[in-house]
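One structure is given here, and the rest of the page talks about it.
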Amino acid sequence: MESIKNTMKYPDYDVVAQLPHMDMFISEVLRMHPIDNSAVQRRATDFITMQGNHIQKDDSYSFILERHQTKRYPMSYIAFGAGPRSCIGMIDFIFIAGAPGSGKTSVCNLINEEKSWVSIDFGCLRVFHLDRQWSNTSDEEERMSFENLIFILKNYHRYGYKNVLVHDLRDERLAQLPNYLSHDEYNYLIITFIIEQDNILKERVLEPTRGSGFRNFERAIEVNRSVKQRVLVKNEVRLNNTKMTVEETVESALKIVEKFQKKL
């Protein structure tokens with residue numbers, strides 16, 4: 001609570017994010033008294049270790065805040081429901097866009113680790129039919145892969161998944177999303193990263209430790225400029241992460257997600 005005292009302001013999102021003890025308290029209350037009281041009730045009859053988590057005998061009815069300090073399997077905590085009965089305030093799909101080197105993959109991987117949200121790399125859907133050098137790419141195979149992605153997204157939605165991350169789409173595909181994902185049936189958010197300085201984007205693309213094999217910094221700069229100049233598409237928010245670390249970009253992106261959720 002010292003965070004609130006020091007800021008002397010109403011506890012907004014930034015302040016609440018600095019109160020991990022309160023977050024654990026609320027999570028534990030909701031675990032013991034879920035909104036959906038028909039949730040599965042089980043308890044361990046003996047000490048057991050499951051997926052690295054140590055579960056004590058009969059501790060399901062013990063109020064233990066520390067159990068929320070470690071990452072859990074998504075379905076192990078369903079205070080807001082799961083599957084088709086999950087909280088309606090969540091987003092169906094989150095598209096992370098931007099030029100090569102803007103940090104899309106790193107951000108999605110980190111969010112996936114922290115939140116256990118499904119993360120789909122569009123490029124991976126093309127790997128199945130492309131050679132190692134991607135020398136046989138074409139508009140036709142990209143279109144086929146995009147249609148495969150739409151099918152996958154709709155199937156995730158059908159089974160109740162929320163906050164499904166998607167990255168590595170061509171920029172022009174963003175404007176076409178309403179043609180495939182009707183706003184009457186699906187809700188989605190687009191967060192587009194932009195880099196203000198060409199030299200910084202060049203450094204990122206040529207970074208030796210970068211996971212992607214893409215090294216054409218001139219093309220990356222061209223895409224980045226095009227993204228900055230075009231008008232925003234529906235449900236798109238731009239995030240300038242020029243001077244941000246991956247962790248800072250994740251934090252900013254999650255704040256955008258939270259604001260969007262409040263509008264649903």
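The values are calculated or read from the model by the stated rules, or taken from the named source; none is laboratory data. All of these numbers come straight from a predicted model, not from anything done at the bench. We place every Cβ from the backbone using ideal geometry, glycine too, and count neighbours over all the protein chains shown. Quick note on the areas: whole protein, heavy atoms, side chains included, nothing else; ligands and nucleic acids left out. Shrake-Rupley method; radii C 1.70, N 1.55, O 1.52, S 1.80 Å.
For the range 107-124, give me the residue count where each residue is modelled with pLDDT of 95 or more and of a type in the set (Ser, Thr, Tyr). So the answer is 1. If we scan the range 225-234, do we find a residue that is of a type in the set (Gly, Ala, Ser), open to solvent by less than 20 Å² (accessible area, probe 1.4 Å) and more than 17 Å from the chain's Cα centre (by Cα)? Scanning the range 225-234 turns up no residue that is of a type in the set (Gly, Ala, Ser), open to solvent by less than 20 Å² (accessible area, probe 1.4 Å) and more than 17 Å from the chain's Cα centre (by Cα).
Is there a residue being at pLDDT 75 or above and part of a loop (DSSP other than H, G, I, E, B) anywhere in the range 76-87? Taking every residue of the range 76-87 in turn, none turns out to be at pLDDT 75 or above and part of a loop (DSSP other than H, G, I, E, B).
Residues are listed down the side, and each one gets a yes or a no for (1) open to solvent by less than 20 Å² (accessible area, probe 1.4 Å); (2) assigned to a helix (DSSP H, G or I); (3) under 13 Å from Phe95 (Cβ atoms); (4) at pLDDT below 95:
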residue	(1), (2), (3), (4)
Arg126	no, yes, no, yes
Leu149	yes, yes, yes, no
Val205	yes, yes, no, yes
Pro208	no, no, no, yes
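Do you know which residues across the range 95-123 are within 12 Å of the chain's Cα centre (by Cα), farther than 18 Å from Ser145 by Cα and buried (at least 24 other Cβ atoms within 10 Å of the Cβ)? Lys104, Val107 - these are the residues of the range 95-123 that are within 12 Å of the chain's Cα centre (by Cα), farther than 18 Å from Ser145 by Cα and buried (at least 24 other Cβ atoms within 10 Å of the Cβ).
The one condition from (1) out of contact with any Leu (no Cβ under 6 Å at 6 or more places or on another chain); (2) surrounded by 15 or more Cβ atoms within 10 Å (Cβ to Cβ); (3) within 25 Å of Leu125 (Cα to Cα); (4) of a type outside the set (Phe, Trp, Tyr) that Ile191 does not meet is (1). Restricting the first member to the range 60-78 and to residues that are farther than 11 Å from Ser27 by Cβ, and the second to residues that are in a loop (DSSP other than H, G, I, E, B) and modelled with pLDDT of 75 or more, the beta-carbon pairs closer than 8 Å and six or more apart or on different chains are Lys71/Ser116; Tyr73/Ser116; Pro74/Ser116. Looking across Glu258, Glu248, Glu172, one residue alone is charged (D, E, K, R) and within 21 Å of Asp92 (Cβ to Cβ). It is Glu258.
Of all residues in the range 226-239, those that are in contact (Cβ under 8 Å) with a residue 12 or more places away in the chain and either part of a helix (DSSP H, G or I) or touching an Asp or Glu at 6+ places or on another chain (Cβ under 6 Å) (or both) total 3. Look at Leu130 and say whether it is within 18 Å of the chain's Cα centre (by Cα) and surrounded by 14 or more Cβ atoms within 10 Å (Cβ to Cβ). So Leu130 does not fit the description; no. Being crowded, with 18+ Cβ neighbours inside 10 Å and in a helix (DSSP H, G or I) is the filter here, so list the residues in the range 240-251 that pass it. If the condition is that a residue be crowded, with 18+ Cβ neighbours inside 10 Å and in a helix (DSSP H, G or I), then Thr249, Val250 are the ones that fit.
Taking the condition buried (at least 19 other Cβ atoms within 10 Å of the Cβ), within 17 Å of Ile94 (Cα to Cα) and of a type in the set (Phe, Trp, Tyr), does Tyr161 pass? Yes; evaluated as a whole, the condition is true for this residue.
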